[in-house]
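Just below is one structure, and these are the notes that go with it.
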Amino acid sequence: LQRPRHQGMAKNTYMRWRLPLVCLLWEGAMIVLFGVFVRFGAEADAHWEEEKREMNLTSDIENDFYFRYPSFQDVHVMIFVGFGFLMTFLKRYGFGAVGFNFLLAAFGIQWALLMQGWFHSFKDGKIFIGVENLINADFCVGSVCIAFGAILGKTSPIQLLVMTLFQVTLFSVNEYILLNLLHVKDAGGSMTIHTFGAYFGLTVTRILYRPNLEQSKDKQGSVYHSDLFAMIGTLYLWMYWPSFNSAISDHGDAQHRSAINTYCSLAACVLTTMAFSSMLQKKGKLDMVHIQNATLAGGVAVGTSAEMMLTPYGSLIVGSISGIVSTVGYVYFTPFLESRLHIQDTCGIHNLHAMPGLIGGIVGAVTAAAATEEVYGKEGFIKAFDFTGVYQKRTPSVQGGFQAAGIVVSLLMAFVGGAIVGGILKLPIWGDAAAENCFEDDVYWEVPEDEESDVYHMHNPDKPASP
Amino acid sequence: LQRPRHQGMAKNTYMRWRLPLVCLLWEGAMIVLFGVFVRFGAEADAHWEEEKREMNLTSDIENDFYFRYPSFQDVHVMIFVGFGFLMTFLKRYGFGAVGFNFLLAAFGIQWALLMQGWFHSFKDGKIFIGVENLINADFCVGSVCIAFGAILGKTSPIQLLVMTLFQVTLFSVNEYILLNLLHVKDAGGSMTIHTFGAYFGLTVTRILYRPNLEQSKDKQGSVYHSDLFAMIGTLYLWMYWPSFNSAISDHGDAQHRSAINTYCSLAACVLTTMAFSSMLQKKGKLDMVHIQNATLAGGVAVGTSAEMMLTPYGSLIVGSISGIVSTVGYVYFTPFLESRLHIQDTCGIHNLHAMPGLIGGIVGAVTAAAATEEVYGKEGFIKAFDFTGVYQKRTPSVQGGFQAAGIVVSLLMAFVGGAIVGGILKLPIWGDAAAENCFEDDVYWEVPEDEESDVYHMHNPDKPASP
Amino acid sequence: LQRPRHQGMAKNTYMRWRLPLVCLLWEGAMIVLFGVFVRFGAEADAHWEEEKREMNLTSDIENDFYFRYPSFQDVHVMIFVGFGFLMTFLKRYGFGAVGFNFLLAAFGIQWALLMQGWFHSFKDGKIFIGVENLINADFCVGSVCIAFGAILGKTSPIQLLVMTLFQVTLFSVNEYILLNLLHVKDAGGSMTIHTFGAYFGLTVTRILYRPNLEQSKDKQGSVYHSDLFAMIGTLYLWMYWPSFNSAISDHGDAQHRSAINTYCSLAACVLTTMAFSSMLQKKGKLDMVHIQNATLAGGVAVGTSAEMMLTPYGSLIVGSISGIVSTVGYVYFTPFLESRLHIQDTCGIHNLHAMPGLIGGIVGAVTAAAATEEVYGKEGFIKAFDFTGVYQKRTPSVQGGFQAAGIVVSLLMAFVGGAIVGGILKLPIWGDAAAENCFEDDVYWEVPEDEESDVYHMHNPDKPASP
């Protein structure tokens, strides 16, 4: 039972100067860069009164704020409460789950406003931002939260900030390639957010492989109340996913349609998840891991196609399949990935984001390829795929091909980027904990002495047992 | 202390094939029915550009999506987080509360889209859906969540799915009778959702009466943290109830008015609930059961009348009364119902939904009967009660009579439907647990071993005590 | 170890008749006053159809409901879930935190509708209310929730209701002086809500100084799960703060701009908070108290200036500074205030609201003084500061001076008002607990017997230990 503690203790997890330095320097850089580049977009600027007149708008309600702000707030909740609480399922890593997610997302949205701004909102040397930029920044950070799920409990906050810096950058490049160069549709981000984010995270965790992780096996599970905290995250992700997939769709029918498709897909996904969760367990009991995660696969899997004419029953089919794939993944693939491929995936993002993200990309490609003027209407067809300007002559089947190419690009970016960033994070300077101290808040957090302290301080010889 | 375990153990709660079968078959049926019937409504269809032109709409903001989507999301939160977490108060039934609520609601909204669609959105052989249908589906499922409250902890997930199937069907029929045949107003569902849902659930639990339920008495209470989880549910229901009651009201002043009336009613309800909670307890201490539930009665009780000219002070009066009635119900009626009428009502839905629902129906009838052209304005009067077409000549007092008839119809549907469905659920094939295993997640869920495991596995001889 | 129990026990905390009496009498008064004064505003009244025609409005979407209702709901969540759960960090005061916050806010919004109505929405002897009034009532109550933070755990529910009655009154007077007499801008309430609320609460807690409070020191800390509950409050406050600061700004660009500035400020604040939390702790570990609170200072500190052309990088600077000030406050000022000035500030509102509120007032004054027609545009300039009518000739620098005067007035109102109300609350008739029973739910709540009961009932000789 006696473990070689000295080995783990040798790791220096002291954050006192490193973490403040990184946070303050980077925030300083943000201030300088924002000062140089970022300005209010026309609809948020005090000159809007004149703008309105020029654009012949008769009402303030035409401001994009009123089209997108409610969806923005829902997305915001998904990023901070949704992802944050979803990861609190671990018995002694709730502070890290919710707190580090908070930290990386708060930094990430600033950096994403800049990176995405340079690519998409840059004019006359300035980045002009509005509510759509805020949503896109949240989206971008969503892909980092996904990757965080793979390495949850095994990394220092500095590593997470470093990963965020690089991943946001790569995300923006990938997004630019897909949306601007390939002219691909991906409003809900099956490819840009989920596929990219998940395979990026899986590659990083592969590089950071810890052979002795079973030393902290006792802390890799949940307790009763931590599972309920995680359900808060699950439900907010599930409920607000229609807002996620519709947040940046075109005004009008596209936003409306995206919400309906996502609503349908998610509903179906719950039933197939429950079915397979029970079916794959010897005693037929439901597993909270599946309920917390696989029920969300339906939202991921319609991310690309939700704004298209997928139709409600198409959404039910996609949602049903993704729930099954995801649950099967938790039961069979995750152990396989860990034992054979040395991919230690704490939250099972392979099942919740990677596979459903691929499904989403493929469904998007097929739905685009199958589009007809009859189904969309003449104008609707052009508007839905933005077949204007140089893309005026693009046909649905060509669009489908480009959509498929988008998946491949996202995967390549994820693998190559993840490998490089994983290599950087492997440097022994970031203060990550020893294997035996993984999944334990006490390493980076002041943890209150409480009634569970005996259990908790088991591996912490520095602190005397509470009296 | 030794209980007759063999008796309870004899019950077969093995779900492995039954639950998956029901989930997969039914989801398959949904896919087929959606494929045959469900299509996007005009405002969610890609043909909307043409539609807009035909309807002379100058802006995308006129899409119903922007009038109702924020309210829809609030209602969605009420159904999944509100009802789900409200029921987590039991010390060892949090997974079942939140998880089974998730399952039944996810199935229910699909079935409700169909059932309500056939009655209300059917044209040329197709059901055309938009955001209002999503809200109505959530509403319909709300009545099932209410009924679930009465049988919480005593039923298998299959029973819940079977109940959902039938209750959604009956709800839709009842709603059709009220809204279309009686031409009754009930935007917040005092009658269709609360009165019907609650008396349906109470009838079902009466039929399913368990004489030996005191065997699981030790698990019928709460623990400190489970009461806090339940408060999450309470507060989200309380905060978003103005959205609930205004979600499907007419655009403009009616939505605005519904929200204000509900806000006022709920605020008043909190004060009278606190007053009576303290007054009715010997030591004058507040009871979390009342705070968690009776504070919401004010939302139920203005469900019918919120969109009418109830006026803010009228709302305060209704809210005050319903808080009192509900709290008194918890203290005196619930024990009486259980001991004398053999109605075992786990969450006390009789106090939170049944009685306030009746109050709501009556207040609605009175408010309608008292309506005058002076108070509503000539046009407002016609619009508020939809006195057009064949109803052009209906007077307020006649409307009041029909409103009252709506209460009676809802009650009849609830009693008859509940009795039949209760009989079906009594069949010994659905896998419900023995009395001594009620209110215990371990029967249907993989439960993590934790520091509370000793308490928890008391009745589970299969599992060895954790070391 | 034996404490002088008789001393504490001598205090009469029996609420049975006092609390119900106050609740019922006051609710009765609300009903009467609402009956005499409160009516639906034009946009919520059934006469809206006619109103629309008179105002030449072509669409129902022009109803203020659609401009403000989503923000209202976010603010509502901040008041009830945000503040309520933020204060659940104490190990045994979760019921009181969430429950008393619920009680005082539910009463406060009614009284605020009246008080603010008399000052701002009074016409022909009636108060006409709409969604903006609901938001303002929530805002007003927000200042009471802030003050509650200082006295959390040390007061009876009656004291809280009495404080609410007076504080709402004083808030409304102060708000009237600032907005109407000084013509000051303060849409997010840095001065009216935070500066006033916090210094009011700090003065009250100073007057109520308890010299023996260390007797309940063991209950002043958190436990692991209570810190996670508190994070729910933190995150909802953090996420929805952009809605808070933009909720009552002018339609269009002002709302849009407020949300962006607040989003930026809050993001920056998280990074500097994390940096200083780690830096100021000997072992470099993060402290949940800081993460739960100081991360929000950025929202407070742009409360006045968010709707102005603060610019995104200006917001980052303000957010960064306020995070630092707030964290430093928790580490150094709070102990100083307690030991030297006898200000016992349970939640550290001095750090989260008082100092950031002052920063917010000053930033607002500076931003106003620096405003130019070039930056705002000719029309935008007039609209932003409402330089119309008698204020037509006011210059930015004069406006800056008036803004600064607004800070001074708010401070004076807080100190004088807090001293008087503190004196009233010191009367020995309100049923507050003895020092040794502070921070303990058992005094005013029925608390379930649970696995932690041994710890809990330590100081409760009336109850036998659970078997």
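The values are calculated or read from the model by the stated rules, or taken from the named source; none is laboratory data. Model, not experiment: these values are computed from the prediction. Cβ atoms come from the backbone with ideal geometry, glycine included; neighbour counts cover every protein chain shown. Just the protein is used for accessible areas: all its heavy atoms, side chains included, with ligands, DNA and RNA removed. Shrake-Rupley method; radii C 1.70, N 1.55, O 1.52, S 1.80 Å.
When residue C:99 is tested against (1) in a helix (DSSP H, G or I); (2) open to solvent by 10 Å² or more (accessible area, probe 1.4 Å), only condition (2) is not met. When B:226, B:246 are checked against the criterion of being modelled with pLDDT of 95 or more, under 19 Å from residue B:310 (Cα atoms), polar (S, T, N, Q) and open to solvent by less than 10 Å² (accessible area, probe 1.4 Å), B:246 stands alone in meeting it.
Each residue in the stretch B:338-365 was checked for being buried (at least 18 other Cβ atoms within 10 Å of the Cβ), more than 13 Å from residue B:302 (Cα to Cα) and free of Cβ contacts under 8 Å to residues at least 60 places away in the same chain, and 1 pass. You will find that of A:66, A:93, the residue that is aromatic (Phe, Trp, Tyr) and under 19 Å from residue A:129 (Cβ atoms) is A:66 and no other.
Here's the yes/no breakdown for (1) more than 9 Å from chain A (Cβ to nearest Cβ); (2) over 16 Å from the mean Cα position of the chain (by Cα):
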residue: B:71; (1), (2): yes, yes
residue: B:83; (1), (2): yes, no
residue: B:101; (1), (2): yes, no
residue: B:105; (1), (2): no, no
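Matching residues to (1) modelled with pLDDT of 95 or more; (2) open to solvent by less than 40 Å² (accessible area, probe 1.4 Å); (3) under 23 Å from residue C:166 (Cα atoms); (4) not in a helix (DSSP H, G or I):
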| position | (1), (2), (3), (4) |
| --- | --- |
| C:367 | yes, yes, no, no |
| C:398 | yes, no, no, no |
| C:403 | yes, yes, no, no |
| C:406 | yes, yes, yes, no |
| C:410 | yes, yes, yes, no |
| C:416 | yes, no, yes, no |
| C:428 | no, no, yes, yes |
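For the stretch B:369-379, the candidate set comprises residues that are part of a helix (DSSP H, G or I) and within 14 Å of another protein chain (Cβ to nearest Cβ); within that set, the residue that is least open to solvent (accessible area, probe 1.4 Å) is B:376. Filtering the stretch B:250-283 to residues that are in contact with an Asp or Glu (Cβ under 7 Å, 6 or more places away or on another chain), within 7 Å of chain C (Cβ to nearest Cβ) and either under 18 Å from residue C:28 (Cα atoms) or part of a helix (DSSP H, G or I) (or both) leaves B:253, B:256, B:257, B:268, B:271, B:272.
Are any residues in the stretch B:380-393 open to solvent by 30 Å² or more (accessible area, probe 1.4 Å) and either of a type outside the set (Ser, Thr, Tyr) or touching a residue at least 24 places away in the same chain (Cβ under 8 Å) (or both), and if so, which ones? Selection gives B:382, B:383, B:386, B:389, B:390, B:391, B:392, B:393. Of the residues making up the stretch B:323-337, just one is crowded, with 24+ Cβ neighbours inside 10 Å and among the β-branched types (Val, Ile, Thr), namely B:327. Out of all the residues in the stretch C:310-319, is one or more among the aliphatic types (A, V, I, L, M), assigned to a loop (DSSP other than H, G, I, E, B) and crowded, with 24+ Cβ neighbours inside 10 Å? Yes, because at least one residue in the stretch C:310-319 is among the aliphatic types (A, V, I, L, M), assigned to a loop (DSSP other than H, G, I, E, B) and crowded, with 24+ Cβ neighbours inside 10 Å. Here is a list: A:135, A:129, A:177. Which entry is of a type in the set (A, V, I, L, M, F, W, C), surrounded by fewer than 24 Cβ atoms within 10 Å (Cβ to Cβ) and within 27 Å of residue A:65 (Cα to Cα)? The unique qualifying residue is A:135.
For the stretch A:284-304, filtered to residues that are free of Cβ contacts under 8 Å to residues at least 60 places away in the same chain and at the interface with chain B (Cβ under 7 Å from one of its Cβ atoms), the residue that is nearest to the chain's Cα centre (by Cα) is A:287.
Among the residues making up the stretch B:180-231, those that are without any contact (Cβ under 8 Å) to a residue 40 or more places away in the chain and either closer than 30 Å to residue B:72 by Cβ or among the hydrophobic types (A, V, I, L, M, F, W, C) (or both) are B:181, B:228. Annotation note: Cβ proximity below 7 Å between a residue of the stretch C:93-121 that is within 28 Å of residue B:224 (Cβ to Cβ) and a residue that is small (Gly, Ala, Ser) and assigned to a helix (DSSP H, G or I) (sequence gap 6+ or interchain) occurs for C:94/C:226; C:97/C:84; C:98/C:84; C:101/C:84; C:102/C:84; C:106/B:267. The residue that is farthest from the other protein chains (Cβ to nearest Cβ), among those in the stretch B:85-96 that are over 17 Å from residue B:234 (Cα atoms) and in a helix (DSSP H, G or I), is B:96. Among (1) open to solvent by 10 Å² or more (accessible area, probe 1.4 Å); (2) at pLDDT 95 or above, there is one condition residue B:79 misses while meeting the rest; what is its number? Failed condition: (1). Among the residues making up the stretch A:15-37, those that are within 25 Å of the chain's Cα centre (by Cα) and buried (at least 21 other Cβ atoms within 10 Å of the Cβ) are A:19, A:22, A:23, A:27, A:30, A:34. Considering C:363, C:289, C:328, the condition of being within 30 Å of residue C:67 (Cβ to Cβ) and of a type outside the set (D, E, K, R) is satisfied by C:363 alone.
Selection over the stretch C:34-58 of residues that are in contact with a helix residue (DSSP H, G or I) (Cβ under 7 Å, 6 or more places away or on another chain) and either at the interface with another protein chain (Cβ under 8 Å from one of its Cβ atoms) or of a type in the set (Asp, Glu) (or both) gives a count of 12. Can residue C:154 be described as within 30 Å of residue C:12 (Cα to Cα), open to solvent by 10 Å² or more (accessible area, probe 1.4 Å) and of a type in the set (D, E, K, R)? The answer is yes for residue C:154. In the set (1) of a type in the set (Val, Ile, Thr); (2) more than 8 Å from every other protein chain (Cβ to nearest Cβ); (3) farther than 27 Å from residue A:106 by Cβ, the condition left unmet by residue A:61 is number (2).
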